[in-house]
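Here the structure is laid out as structure tokens; the discussion comes afterwards.
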Amino acid sequence: MAHYTSIHVAEQIIKNEEIWLSHPFHMNDLEELRFGMLQGVQQFPIYAQAAACTPSRAKILLDTFSHYVGYMSENTLVDTYILCLCEHAPDDKDGVLSMWRSYASQGHGIALVFNTRNIPDPPQAPLGIAKVIYGAGRPLIRIIDTRCRNTPSQRFADVITQIYDAIFEEGEAL
């Protein structure tokens, strides 16, 4: 994984032996966060109606979902910080042109390359590494919609896993 940045910031990272994470609300592109949250809030009720079988169970499911969305918005999200890295093949000597232009001082910066295989990932750790799929909103909405509408009898966790897998599989085409 590579972190594209200015020479000044790279010097600070190396000199201080620390790297700072940013709050998602201060990113230059809020779409990653906004899209996921908005689609979850819009699509979950459609799935819940089909999966719950009865109106009373659907109401309980939707109320619980609303509770956790509120909790996330008020408690979890305010203490969420990220570090954006770009995939980087070990044999890649050039990096990604768009990253150089956008994040490394128009190509006059530096890419710090990290070997993430050595980063522990225990379940209780407050650190996670996840891939972000960039792409147009409509194809991602289509994947979510198709999975939710065609699998109402499955456990919700299984459907979410299938949605993630479908997005990951089609991510390259987006």
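Within segment 1-16, residues that are over 20 Å from Ala130 (Cα atoms) reach partners that are of a type in the set (Ser, Thr, Tyr) and surrounded by fewer than 19 Cβ atoms within 10 Å (Cβ to Cβ) with beta carbons closer than 6 Å, at six or more positions or on different chains, in the pairs Ser6/Ser105. Here Ala48 clears all of (1) at pLDDT below 80; (2) touching a Gly at 6+ places or on another chain (Cβ under 7 Å) except the condition numbered (2).
If you go through segment 1-19, how many residues are part of a helix (DSSP H, G or I) and out of contact with any Asp or Glu (no Cβ under 9 Å at 6 or more places or on another chain)? Before you say what the answer is, go through the steps one by one.
Residues of segment 1-19 part of a helix (DSSP H, G or I): 7-16.
So of that shortlist, the ones also out of contact with any Asp or Glu (no Cβ under 9 Å at 6 or more places or on another chain) come out as 7-11, 13-16.
Residues that pass the stated criteria total 9.
For segment 39-72, filtering for residues that are touching a residue at least 24 places away in the same chain (Cβ under 8 Å) and under 23 Å from His26 (Cα atoms) leaves 4. Here is the figure for segment 58-115: residues that are touching a strand residue (DSSP E or B) at 6+ places or on another chain (Cβ under 7 Å) and in a helix (DSSP H, G or I) total 3.
If the condition is being under 16 Å from Met37 (Cβ atoms) and not β-branched (Val, Ile, Thr), then segment 63-78 contributes Phe65, Ser66, His67, Tyr68, Gly70, Tyr71, Met72, Ser73, Glu74, Asn75, Leu77.
The values are calculated or read from the model by the stated rules, or taken from the named source; none is laboratory data. All values derive from a computational prediction rather than experimental measurement. So basically every Cβ, Gly included, is an ideal-geometry build from the backbone, and we count neighbours across all protein chains shown.
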